Amino acid sequence: MDHNSMAAAATAAPKTRWYRQLYFWVLTAIVIGILVGWLAPATGIAMEPIGTTFVNAMKMLIGPIVFLTIVGGIASVADLKKVGMTGLKALTYFQVGTICALAFGLVAINVFRLGEGVNADPGAIKTSDAAAKLIDAGQHQEWWEFITHIIPTSVVQPFVAGDILQIIFIAVVFGIALNAMGKVGAPVLDGVQRLTGVMFKILGFIMKAAPLGAFGAMAFAVGKYGVSSLTSMGGLIALFYATSILFVVVVLGSVMAFLKLNIFSMIRHLKEEYMLILGTSTAEPALPGLMRKLEHAGVKKETVGLVVPTGYSFNLDGAAIYLSLAALYIAQATNTHLTIGQQLGLLAVMLLTSKGAAGVAGGGFIALTATLATIGTIPAAGIMLIFGIDKFMSECRALVNFTGNAVATLFIAWWDRTLDADRVRRVFAGEAVEPMPAQAVDMGAGAGLNNDGLHQVPAPGMDPAGVGRPLPADRRPAYSETV
């Protein structure tokens, strides 16, 4: 190890004790939330504002962080053709991954056939008001709408609505234009990089409330839906979880093995993000942390900035498994016979409708209803058969989606021949590694990362803005796991 590497390793933040780790407090909050929701359902339901407030605070930052990261990544590259090729490779990988996930769900429900014997009468199924709205939205959604929906009606509207796909479109166009301006656009690019640092500093403030948010969300979920739903349809829930775990271990694990990496090491490295998803039932709050940790692991900033946010809309492995499994379960439960050809046609439709399951409240149900309405053979009212247990499946969907996007980003980096597998392996193993040069320059205040992939104070004398000024000694991390 050379002198610079030794100096970088020496300045790495020391390991934080387990009782000060963010994931420990989030996990503790989840357990307490489950107990409160189970033993005192009314109190658990009353905790809903705590969980929704935290999730809303995190969603407030998702749009700006995605926009700034993509713009900064595209505007700073020398060859825009490489960015375009990275995008095409990502979309190709996403489609292949979605097909594999849909096939896993179809095979699982065809093997175990849990819907047989239910003998539900579609005409006699009562639809609740909440479900009726989702069914109506799905039935009026065309399969091609997610394509035309990419272009927003205004520049501001996607940020107000939190539409990640439209924000990505604006960011890509803005980044390409900024790149084309050359030196004239340099001050704007510098401002983008500084603003990115500010956004991650704000994120650090909000992350301190993660245990409270996880407690409120879990207490409400258990108090509202109870554990009776788990016991009444435990077989379907267990099949979904088992299929999802098998997909992660077999399919995603094989991709990681091809990259000579270990899927379990990656999962352990991202434990804080997994706890956050488990507590809030959505993968969105974990998006910034995933981006920062992958950058620290050595994946190029423009690759992370393009693949991860796009994957949140196009690479939904968990949602794909859920869609295929739920659609076939409803068909079996309502005695709707589907031939192999019809099931393959169903898979083809779900390749498109599954893209609408992200970033929308009840997106999974809307996508499922849109699929059933497009096919026309399975009664849409049948979704009421699984409406009561959907909440207990949302955590698994989000966890699998998140894992799939992490693996996808690593694979695309390998495909672009920019992946340093040795560095990734060391980071995932928890070893101290020297900071990436781009992190110290591009990310602004608190941009350096410790060996857990979290922000720390850069090396002495390093100006995060890259203009030669020394870093103030009291500068705190922008995103820290300590609480």
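The values are calculated or read from the model by the stated rules, or taken from the named source; none is laboratory data. Just so you know, these numbers come straight off a predicted model, no measurement behind them. For neighbour counting, all protein chains shown are included, and Cβ atoms are generated from backbone atoms with ideal geometry for every residue, glycine included. These accessible areas exclude ligands, DNA and RNA; they are computed on the full protein's heavy atoms, side chains included. Shrake-Rupley method; radii C 1.70, N 1.55, O 1.52, S 1.80 Å.
Restricting the first residue to the stretch 54-76 and requiring it to be basic (Lys, Arg), which pairs with a second residue that is open to solvent by 10 Å² or more (accessible area, probe 1.4 Å) and not in a helix (DSSP H, G or I) meet a Cβ separation below 7 Å and a spacing of at least six or different chains?
Sorted first by the residue in the stretch 54-76, then by its partner, the pairs are 59/162.
Test residue 101 against the criterion of being at pLDDT 90 or above and open to solvent by less than 10 Å² (accessible area, probe 1.4 Å), and give yes or no.
yes
For the stretch 109-118, indicate whether the set of residues that are of a type outside the set (A, V, I, L, M, F, W, C), closer than 30 Å to residue 182 by Cβ and at pLDDT 80 or above is non-empty.
No, the conditions are met nowhere in the stretch 109-118.
Considering the stretch 63-79 alone, what residues qualify as being over 11 Å from residue 174 (Cα atoms) and modelled with pLDDT of 85 or more?
Passing the criteria: 63, 64, 65, 66, 69.
Give the stretch 80-94 a look and list any residue that's open to solvent by 70 Å² or more (accessible area, probe 1.4 Å), modelled with pLDDT of 90 or more and not aliphatic (A, V, I, L, M), or say none.
Residue satisfying the conditions is 92 alone.
For the stretch 256-373, which helices (runs of 4 or more DSSP H) that fit wholly inside it have 1 or more residues that are at pLDDT below 90 and over 19 Å from the mean Cα position of the chain (by Cα)?
The qualifying helices (runs of 4 or more DSSP H) are 317-333, 340-353.
So residue 76 passes all but one of these: (1) under 19 Å from the mean Cα position of the chain (by Cα); (2) surrounded by fewer than 21 Cβ atoms within 10 Å (Cβ to Cβ); (3) not charged (D, E, K, R). Which condition number does it fail?
Every condition holds for residue 76 apart from (1).
Can you work out which of the residues in the stretch 219-237 that are of a type in the set (A, V, I, L, M, F, W, C) and either outside any helix (DSSP H, G or I) or modelled with pLDDT of 80 or more (or both) is nearest to residue 114 (Cα to Cα)?
By that ranking, first place goes to 236.
Kindly indicate which of 312, 225 is open to solvent by 10 Å² or more (accessible area, probe 1.4 Å) and under 14 Å from residue 401 (Cα atoms).
Values: 225 fails: under 14 Å from residue 401 (Cα atoms).
Answer to the check: 312.
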